[in-house]
1. Can you tell me which of (1) assigned to a helix (DSSP H, G or I); (2) out of contact with any Leu (no Cβ under 8 Å at 6 or more places or on another chain); (3) away from ligand 2 (no atom under 13 Å from the Cβ); (4) touching a residue at least 60 places away in the same chain (Cβ under 8 Å) is the one Glu113 doesn't meet?
2. Please give the number of the condition Glu65 fails out of (1) more than 13 Å from ligand 2 (Cβ to nearest atom); (2) in contact with a Phe, Trp or Tyr (Cβ under 9 Å, 6 or more places away or on another chain).
3. So is Val146 away from ligand 1 (no atom under 16 Å from the Cβ), closer than 28 Å to Gly243 by Cα, of a type in the set (A, V, I, L, M, F, W, C) and modelled with pLDDT of 95 or more or not?
4. If you check Leu98 against the conditions, is it modelled with pLDDT of 95 or more and within 15 Å of ligand 1 (Cβ to nearest atom)?
5. Given the criterion within 16 Å of ligand 1 (Cβ to nearest atom), over 30 Å from Ile166 (Cβ atoms) and assigned to a helix (DSSP H, G or I), identify the matching residue among Met288, Met239.
6. So Val146 ticks every box in (1) within 16 Å of ligand 2 (Cβ to nearest atom); (2) crowded, with 23+ Cβ neighbours inside 10 Å; (3) not assigned by TED's automatic domain parsing to the domain that holds Val301 but one. Which box is left unticked?
7. Restricting to segment 297-324, and then to whatever is among the aliphatic types (A, V, I, L, M) and out of contact with any Pro (no Cβ under 8 Å at 6 or more places or on another chain), can you tell me which residue is surrounded by the fewest Cβ atoms within 10 Å (Cβ to Cβ)?
Amino acid sequence: MITLGIESTAHTFGVGVVVDGEVVVNQKSMYRPEKGGIHPGEASEHHYANAVNTLKNALSSANIEKEEIDSIAFSQGPGIPQCLQIGATTARSLSQTLDIPLVGVNHCLAHIEIGKKETGVKDPVTLYVAGGNSQVIGAAGGRYRVFGETLDIAIGNAIDKVARKIGIPHPGGPELEKLAEKGEKFIELPYVVKGMDFSYSGLVTKVQRELKNHKKEDICYSFQEHAFAMLVEATERAMAHTGKKEVLITGGVAANQRLNQMMETMAHERGAISVKSPLKYCMDNGAMIAYTGQKMLKKGVNTQFKDSGIRPGWRTEQVDVPWL
Ligand code: ATP
Ligand code: FE2
């Protein structure tokens, strides 16, 4: 079975091709804001301008004609409505033109499914940490449940806000991590965990204020230590609650070495393991959509045309998961 997958929830327009459960192509075009965060109108213009070329490149790299595709998967949500619309329109038109099944995939679940495939973990507590999402997710009772999540902004967004204040261009994570490695002094900052939920807005405001009083390396170091400790604590609670013995970290912030190190220490102390999804699948991509879509189709799940509109606020626990 050949499945084409389309991703367009935020800054990335991605197209992946999966043949019988294996990724053969993962093409993408990324919108990069000149300054500040993602501008929805600009991002969707970018997707509109690059959709056809990205598709054509994916098909030629996979060495297939469009008539050979058996099914179309697309990221139906959650995400920025204007961006989602471009992927959905492309997928719906292709499905109708080629007269093949369509399946709407939940973006967060796709990160988990491809991460499980690539790392070999079977039943993890997943920490999905990105620019727009921060969730602690695990399978329970035939569904993926969100055990904990941010009460305000996502960790990636928090990192980018601090980075912007320091003068680091978007996305600020990688450079902030380098500065943090040079930090020596631990500065006490707000730490907010409520049950398995966590909050970043107070921490970000305090960090932005404290910048004038400390070396930026020390601020970055202390900011990371606090922000990541909250994620590790919430993940550990979810493990204690469910008895799960594996952690999967995914999303753009999974690139951070210190976060992985802290999670590994916690997991090790519990006799568990912590693994990171390959970076290409931590970032938004079409391959994970094609892979998850094909898994769904094999279980008889598809999306009728009338149900294939975008779902910007689609929650992880609303998804039926018959393949668990
Ligand atoms: P979502 O997946 O929620 O739609 P997104 O697409 O904006 O969000 P990603 O592209 O997955 O997010 O990740 C981007 C985020 O990851 C940015 O906030 C960026 O600063 C952060 N990031 C990237 N590398 C690192 C790093 N080494 N350390 C910390 N954060 C990082
Ligand atoms: Fe993502």
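1. Of the numbered conditions (1) assigned to a helix (DSSP H, G or I); (2) out of contact with any Leu (no Cβ under 8 Å at 6 or more places or on another chain); (3) away from ligand 2 (no atom under 13 Å from the Cβ); (4) touching a residue at least 60 places away in the same chain (Cβ under 8 Å), the odd one out for Glu113 is (3).
2. In the conditions (1) more than 13 Å from ligand 2 (Cβ to nearest atom); (2) in contact with a Phe, Trp or Tyr (Cβ under 9 Å, 6 or more places away or on another chain), Glu65 misses (2) alone.
3. So Val146 does not fit the description; no.
4. Answer is no for this residue.
5. After applying the criteria, what remains is Met288.
6. All conditions are met except number (2).
7. Leu324
Table: residues versus (1) under 28 Å from Asp123 (Cα atoms); (2) surrounded by fewer than 19 Cβ atoms within 10 Å (Cβ to Cβ); (3) in contact with a Lys or Arg (Cβ under 8 Å, 6 or more places away or on another chain).
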site: Phe198; (1), (2), (3): yes, no, no
site: His214; (1), (2), (3): no, yes, yes
site: Thr235; (1), (2), (3): yes, no, no
site: Gly243; (1), (2), (3): yes, yes, no
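The values are calculated or read from the model by the stated rules, or taken from the named source; none is laboratory data. No experiment lies behind these values; they were computed from the predicted model shown. Here the Cβ is made from the backbone with ideal geometry for all residues, glycine too, and neighbour counts use every protein chain on show.
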